[in-house]
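Written out below as structure tokens is the structure these notes cover.
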Amino acid sequence: MRRKRRFWGILILAVILDGAFSACRKNPPEAVVFPGAKACDLRLETSVFKTKTGRNRADQGALIVPENREKPDSRLIALPIVRIRAEAAKPDEPIFYLAGGPGQSNLKFRPPDELLARHDFVLVGYRGVDGSSRLDCPEVRRAIKGVGGDILGASSLAALKGAFEGCAARLQGEGADLDAYTMLDVVRDLEMARTALGYERIDLLSQSYGTRVAQIYAHHFPETIRRSVMIGVNPPGHFVWEAGTIDRQLEYYARLWERDEKARARSSGLVQTMRNVIRDMPRRWLFIPIDRGKVKLISFALLYHRKTAAQVFDAYVAAEGGDASGLALMSLAYDLMFPKMIIWGDLIAKAASADFDPKRDYALEMDPPGSILGSPFSKLLWSVAAWPTAPLPEDDRRPQPSSVETLLVGGSIDFSTPAENATRELLPLLSRGKQVILAEMGHTGDFWNVDRPAAIRLLSTFFDTGVADDSAFAYVPMDFHVAWGFPLLAKAGLGLGALIILALVGSPWLIRRRIRRRKARRASVRSS
């Protein structure tokens, strides 16, 4: 048990945005435009996919697609494809998986054995992230660390905007057609892959950002989709996380906090604690600087899931009591995590082409007076949304009616994709839609990790029969207890660092002392 707690304490530093899944392979298949390639060429090689219980036959390779389908002379790009074969001799419709993001790979999902029993699983690399064309922005990775100790300040945001503009100009100079990196382009890649693989109809399993891709797919190609499951549903308009919604979710957590006797004893009011800490946040803990904006950004990212949300609250309660060590570690964690967690050019291309509204003052609206936390990631992203990708067609920027058999799955306290958005804006437009909301669960990682057998049963029954059987889920109350919180990790890290420094400083002295003793012994032996 101690080993597990220690492991969780370290792992917490790497948790971010969309819940992580085990990579289906250490090295994704390489995708290059081979000599003589034409659009829709597909090259696959036989391989083996390791599952929890055995091995499945698989194919992996590359699909060649036009970068811009609207231009006859467009260059070609290569997208990696992985197909894991079903165990059944005559499988049902294949499942195409759509990962979260934007800015993250679509090749790192490990399909559950229960779904592989009857379905091929297909992973098609996302243009802009996977394959021969990546919208990578080292300029943004540097600028997103901020200047002047305030990542959400005007100077930092101006520098970040300049970095995005510089990255876009460089990519265009290298030959990238940035108008060709929207979610509609991703959908057309998927449809080309379906055709090239010879499938008549497919199922979709999507989560977070991938659910937006699934919605556009169902709008443009409804006849090719049999069933669609969306986990952590993101309707149009909601790549902008609104401050008021975040406040309401924090108030939801505050009500759960009040019901927990041990939590209540640590702080009489969770919301007021957060207000106090954000208002009075110190500039440093010992010699470690604390950037208020970075703490808010890490807080928002970790509020996505139950366990990491508890870590956030633990750090704020400790800080209210005078121990800012956890905030210092959170600020430091931002610098370690945020710059490399996303392909930033892809994120801004997909998000801005879908949801950017030039009439809004995001810097002001995302940090309104009186808000508990504001919307720090929206302020960071949308205040600097300088990217030349053309907007999506208007129909794809609004929820659309669909007759595709669809299951919407969400948590009641999901900061990334609040379930009420799908209930209010998308479900009424789905003539064959169903929704399951899981109490006290957050974003997609909670769906897979809190009660995995129940989650697999829900997916299996829906894909196989069209029935959304959520009867296996049991209510799991929120647990605010933290074994290894940020304050404890910060002190342990500081202590370990001090020991290492002492060892480095003391080693030469010990070596010299040992040498002197040896010389003294030899001299004593000679004299005797």
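The values are calculated or read from the model by the stated rules, or taken from the named source; none is laboratory data. As the structure is a prediction and not an experimental result, all values here were calculated from the model. Cβ placement follows ideal geometry from the backbone for every residue including glycine, while neighbour counts extend to all protein chains displayed.
Out of R201, R194, R212, report the one residue that is crowded, with 24+ Cβ neighbours inside 10 Å, touching a helix residue (DSSP H, G or I) at 6+ places or on another chain (Cβ under 8 Å) and not β-branched (V, I, T).
On inspection, the qualifying residue turns out to be R212.
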| field | First in the stretch 173-201 and over 23 Å from D396 (Cα atoms), second anywhere and of a type in the set (D, E, K, R), Cβ under 7 Å, 6 or more apart | value | G175/R75; L197/R83
| Among residues of the stretch 363-387, those that are in a helix (DSSP H, G or I), out of contact with any Leu (no Cβ under 8 Å at 6 or more places or on another chain) and not acidic (D, E), counted | 3
| message | Tell me yes or no: at least one residue of the stretch 469-487 is part of a helix (DSSP H, G or I) and under 20 Å from the mean Cα position of the chain (by Cα). | response | no
| query | Can you find a residue in the stretch 443-455 that is assigned to a strand (DSSP E or B), free of Cβ contacts under 8 Å to residues at least 60 places away in the same chain and either in contact with a Pro (Cβ under 9 Å, 6 or more places away or on another chain) or surrounded by fewer than 22 Cβ atoms within 10 Å (Cβ to Cβ) (or both)? | reply | no
| message | Let me spell it out: the conditions are (1) surrounded by fewer than 21 Cβ atoms within 10 Å (Cβ to Cβ); (2) over 25 Å from V233 (Cα atoms), and V65 meets all of them except one. Which number is the exception? | response | (1)
| request: Please state which one of K340, K350, K379 is basic (K, R) and either over 26 Å from G166 (Cα atoms) or surrounded by fewer than 24 Cβ atoms within 10 Å (Cβ to Cβ) (or both). | output: K340
| Among Q400, Q435, which is the only one that is out of contact with any Cys (no Cβ under 9 Å at 6 or more places or on another chain), of a type in the set (S, T, N, Q), within 26 Å of T224 (Cα to Cα) and in a loop (DSSP other than H, G, I, E, B)? | Q400
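Against the condition in contact (Cβ under 8 Å) with a residue 12 or more places away in the chain, in contact with a Gly (Cβ under 6 Å, 6 or more places away or on another chain) and either part of a strand (DSSP E or B) or not hydrophobic (A, V, I, L, M, F, W, C) (or both), how does S156 come out, does it pass? So that I can check it myself, show each step before the final result.
Values: in contact (Cβ under 8 Å) with a residue 12 or more places away in the chain: yes; in contact with a Gly (Cβ under 6 Å, 6 or more places away or on another chain): yes; either part of a strand (DSSP E or B) or not hydrophobic (A, V, I, L, M, F, W, C) (or both): yes.
When the stated conditions are applied, S156 passes them.
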| task | Within the stretch 283-317, work out how many residues are more than 16 Å from I151 (Cβ to Cβ), among the small types (G, A, S) and out of contact with any Gly (no Cβ under 8 Å at 6 or more places or on another chain). | result | 1
| task | Select the strands (runs of 3 or more DSSP E) contained entirely in the stretch 74-139, then report the ones holding at least 3 residues which are of a type in the set (A, V, I, L, M) and out of contact with any Gly (no Cβ under 7 Å at 6 or more places or on another chain). | result | 76-84, 121-124
| the stretch 45-63 residues that are under 15 Å from V122 (Cα atoms), paired with ones that are at pLDDT below 90 and not in a strand (DSSP E or B) (beta carbon under 6 Å, 6 or more apart) | Q60/P29; A62/A31
| Residue list for the stretch 96-142, restricted to those being among the acidic types (D, E) and surrounded by fewer than 22 Cβ atoms within 10 Å (Cβ to Cβ) | D113, E114, D136, E139
| request: Among the residues of the stretch 134-162, write down those that are of a type in the set (S, T, N, Q) and either touching an Asp or Glu at 6+ places or on another chain (Cβ under 7 Å) or closer than 20 Å to Y199 by Cα (or both). | output: S156
| task | Being assigned to a helix (DSSP H, G or I) and not aromatic (F, W, Y) narrows it down to one of V233, V240, V186, so name that one. | result | V186
| Output for the stretch 263-273, where each listed residue is within 28 Å of the chain's Cα centre (by Cα) and either within 17 Å of A328 (Cβ to Cβ) or without any contact (Cβ under 8 Å) to a residue 60 or more places away in the chain (or both) | L270, T273
| query | Considering only the stretch 403-432, how many residues are over 21 Å from the mean Cα position of the chain (by Cα) and either under 17 Å from T461 (Cβ atoms) or in a helix (DSSP H, G or I) (or both)? | reply | 11
| Mind checking whether some residue in the stretch 376-390 is within 30 Å of G293 (Cα to Cα), basic (K, R) and out of contact with any strand residue (DSSP E or B) (no Cβ under 6 Å at 6 or more places or on another chain)? | yes
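From A169, A180, A176, which residue is out of contact with any Ser or Thr (no Cβ under 9 Å at 6 or more places or on another chain) and modelled with pLDDT of 95 or more?
A169
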